[in-house]
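The values are calculated or read from the model by the stated rules, or taken from the named source; none is laboratory data. Bear in mind that the values here come from a model prediction, so they are computed numbers and not experimental data. All Cβ positions, even for glycine, are placed from backbone atoms using ideal geometry, and neighbour counts span all protein chains on display.
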Amino acid sequence: MQQYEFDTVILGGGPAGFSAGLYAARGAVSTAIIDTNMLGGQPSNYLELENYPGFLKVGGYDLMEKFEEHADMFGVQKFPMQEIEEINLVSNPKVIKTKEGEFKAKTVIVATGAKPMKLGVPGEQEFVGRGVSYCAVCDGAFYKDKVVAVVGGGNSAVEEAMYLTKFASKVYVIHRRNELRADKIVQERAFKNEKLEFIWDSVVKEIKGSDLVSSAILENVKTNEVTELAINGIFPYIGITPNVEGFNGQIEQDSRGFILTDETMKTSVDGVFAVGDVRVTPLRQVITAASDGAIGAVYAVKYVETLKEIPVRS
């Protein structure tokens, strides 16, 4: 097994991870990024962003390519597609074991992000890839001239619903409340889209079909009326849950599993920092993830410098 030693290992190669890598490497500490998937994180699946400063509109994949090029310029080492077997954040040094090698680090910056929450209803798991999808950009083209539903009322749900109208003949937006949580400008665009139809005060109770999804059972939360909606696909966008499986419980987290940090991104464990969507934060955007990464890396570098000041005992 290959052995590696770094001053800082960053878990996750999204905007928070790449930003951390850039700032850590510029702080003259040896830096590596490890990811269980391809690098780029969630934004790589976004069709386009129009709220990242300096870019009026930019494709998510294109933006993350620029992040990666910038990190490359400062010599950040990258280890994508790693199958992680063990993560020990409380040891010194910290240890990350993968199928391909063992990584030891003086500091770890957790930038593992978050993933879409599941509806948790009958039929959801059975029809993943056969009508249930969590990525409209990835799978939208499969629903040309079909009828689909998006579940949720935030920015992601509404924006993805509008994206799906490029392909689908009709898109239902199912929301458990009677008004959207999305930004007003997003709502205004959505309400003008003739292919969108909103189903208010409703939740999905079951997803049905034979080989492919054919309908969803809905319940009105105010009247308790149960109806069946004929659809060819369903896209849940009801929130996110943190990617903490490999180290859950090793550092202080909130009731949903998101990591607690101070303003320097320091966690409850010395030498461990958390940045981006995986931590408790009031806003989860590419720009805030990048900001977190910069802060966390700067203080990770300071931590490495303090270790050099500790006298070696004979």
Those residues of segment 220-242 which are at positive phi and surrounded by 13 or more Cβ atoms within 10 Å (Cβ to Cβ), in sequence order: 239
Hits in segment 86-139 - residues which are aromatic (Phe, Trp, Tyr) and modelled with pLDDT of 95 or more: 103, 127
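Just checking, how many residues over segment 180-199 are of a type outside the set (Val, Ile, Thr) and under 20 Å from residue 227 (Cα atoms)?
Step one: of segment 180-199, the residues of a type outside the set (Val, Ile, Thr) are 180-184, 187-198.
This time we only want the ones that are under 20 Å from residue 227 (Cα atoms), so: 196-198.
Qualifying residue count, segment 180-199: 3.
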The lone exception for residue 170 - which of (1) surrounded by fewer than 15 Cβ atoms within 10 Å (Cβ to Cβ); (2) charged (D, E, K, R); (3) closer than 20 Å to residue 141 by Cβ it fails: (1)
Counted residues, segment 52-89 - those being surrounded by fewer than 15 Cβ atoms within 10 Å (Cβ to Cβ) and in a loop (DSSP other than H, G, I, E, B): 9
Breaking point among (1) charged (D, E, K, R); (2) modelled with pLDDT under 95; (3) more than 30 Å from residue 262 (Cβ to Cβ), for residue 65: (2)
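Among the residues in segment 185-195, are any touching a Lys or Arg at 6+ places or on another chain (Cβ under 8 Å) and assigned by TED's automatic domain parsing to the domain that holds residue 126? Working first, answer last.
Kept after step one, since they are touching a Lys or Arg at 6+ places or on another chain (Cβ under 8 Å), are these residues of segment 185-195: 195.
Okay, now just the ones that are also assigned by TED's automatic domain parsing to the domain that holds residue 126, so 195.
Looking for residues that are touching a Lys or Arg at 6+ places or on another chain (Cβ under 8 Å) and assigned by TED's automatic domain parsing to the domain that holds residue 126, one finds at least one in segment 185-195, hence yes.
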Evaluation of residue 47 against (1) surrounded by fewer than 17 Cβ atoms within 10 Å (Cβ to Cβ); (2) in contact with a helix residue (DSSP H, G or I) (Cβ under 6 Å, 6 or more places away or on another chain); (3) at positive phi (one fails), failing number: (3)
Number of positions in segment 270-289 that are surrounded by fewer than 24 Cβ atoms within 10 Å (Cβ to Cβ) and not β-branched (Val, Ile, Thr): 6
Qualifying position, being surrounded by 21 or more Cβ atoms within 10 Å (Cβ to Cβ), within 21 Å of residue 245 (Cβ to Cβ) and more than 21 Å from the chain's Cα centre (by Cα), among 94, 99: 94
